[in-house]
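Okay, structure first, notes after.
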């Protein structure tokens with residue numbers, strides 16, 4: 001067999017890219033986020049994994065709220081900056097225009113085509129990172145990013161990324177329909 | 001403000017796509033998976049969210065192992081089929097050629113450019129889904145998908161997908177460098 005064991009330090013190919021929003025000392029703060037996913041259908045829950053050393057880890061524990069904001073391709077430089085620089089060293093509160101929804105201390109980024117505000121539901125602690133489970137309180141978008149009131153990926157123009165080689169990619173063409181294309185396989189059997 | 005509250009049932013834009021592998025009654029079984037992420041740096045841990053109604057939920061609890069396999073664009077039909085049809089109704093053990101790594105009952109898909117075998121570390125239970133935390137035991141690829149011994153997204157040609165409109169997309173061009181492009185912002189300040 002041609003398979004190579006490439007070790008244990010592997011990552012989803014690719015990961016979605018978001019800005020994880022909190023309040024730090026009363027002001028908006030954001031970090032770049034790739035380790036997150038929806039985890040429950042009803043109620044809608046998201047999980048975000050945050051290194052124990054990050055200021056955002058402290059902020060979520062303090063405020064019990066966080067936001068997930070999806071940047072567009074033209075926000076890569078600001079987003080990446082939020083992944084490089086710690087709130088412990090630099091005030092990141094002026095990088096983005098923000099707005100607020102139903103929660104206090106949960107800043108949402110106006111320029112992002114999709115922003116989700118979450119209240120803390122639970123915490124799962126791991127050796128180097130903690131997994132914060134948030135219940136979705138509301139999500140926000142703009143008419144121009146929606147088709148039939150649903151976020152439209154091609155209008156959103158998001159970015160995905162890879163580790164450990166650290167590349168950003170845009171999304172390409174549509175290649176299929178989920179919960180549908182599989183019927184072709186069934187017919188062939 | 002032009003922002004619209006679009007409700008609570010929102011999803012990552014986009015989600016990565018994988019096949020979640022287990023043994024069911026001693027045979028390989030796979031379901032399509034979009035709700036998963038890396039959650040810990042050291043040791044490498046992944047979290048996969050599985051509906052309580054799925055047979056895979058039972059299988060992971062029974063075997064205490066699972067695999068995460070990333071399909072290529074030309075595997076969409078088989079992958080989608082695994083998301084439509086339950087192991088309770090159909091034997092899915094013959095769809096893919098499989099191989100085994102270090103764990104028992106953890107089938108890896110030969111055709112997938114990246115496959116990860118995990119041993120169960122913990123379970124977090126939610127109302128409709130359970131989150132299975134797996135520690136990476138090993139990951140497998142082929143020389144043709146690697147550059148400098150690291151998975152290369154453009155060689156892998158994976159698929160991402162969206163909910164609730166259920167579209168599959170391929171990856172487009174590289175548009176930046178993570179943990180690097182942000183330096184341009186810092187210089188401008």
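A short reminder: the numbers here are calculations on the coordinates, not readings from a lab. Here the structure is a predicted model, which means the values were calculated and not measured. Backbone-built Cβ (ideal geometry, glycine too); neighbour counts: all protein chains shown.
Other protein chain C-beta atoms within 10 Å of residue C-beta, averaged over A:109-119: 2.
Relative contact order for chain A: what is it in percent, counting Cα pairs under 8 Å that are at least 6 residues apart?
For chain A, the relative contact order is 24 percent.
Between residue A:9 and residue A:183, the simple spin-label model (points 7 angstrom out along Cα→Cβ) gives 4.6 nm.
Using a cut-off of under 19 Å, list every residue of segment A:1-17 whose amide N is near the label point 7 Å from the Cα of residue B:144 along the Cα-to-beta-carbon line. Backbone N within reach: A:1-6.
Among the residues of A:136-145, the average count of other protein chain beta-carbon atoms within 10 Å of the residue beta-carbon is 5. Maximal additional length on extending the residue B:61-residue B:166 stretch stands at 34.9 nm, based on 0.36 nm per residue less the C-alpha distance. Here's the picture: a label point sits 7 Å out from the Cα of residue B:119 along the beta-carbon direction, and within segment A:124-142 the residues with their amide nitrogen under 17 Å of it are A:127. Normalised size of segment A:22-89, defined as Cα radius of gyration per 2.2 N^0.38 Å with N residues, equals 1.16. In this entry, segment B:15-188 is assigned a mean projected area of 12.0 nm², taken as a quarter of its C-alpha convex hull surface.
Shielding by partners for B:72-85, please: the mean number of other protein chain Cβ atoms within 10 Å of each residue's Cβ.
For this peptide, the per-residue mean of nearby foreign Cβ atoms is 5.
As an equivalent ellipsoid, the protein assembly as shown spans semi-axes of 32, 21, 21 angstrom, where each value is the square root of five times an eigenvalue of the C-alpha gyration tensor, largest first. In this label model, residue B:102 and residue B:88 are separated by 3.5 nm, measuring between points 7 Å along each Cα→Cβ vector.
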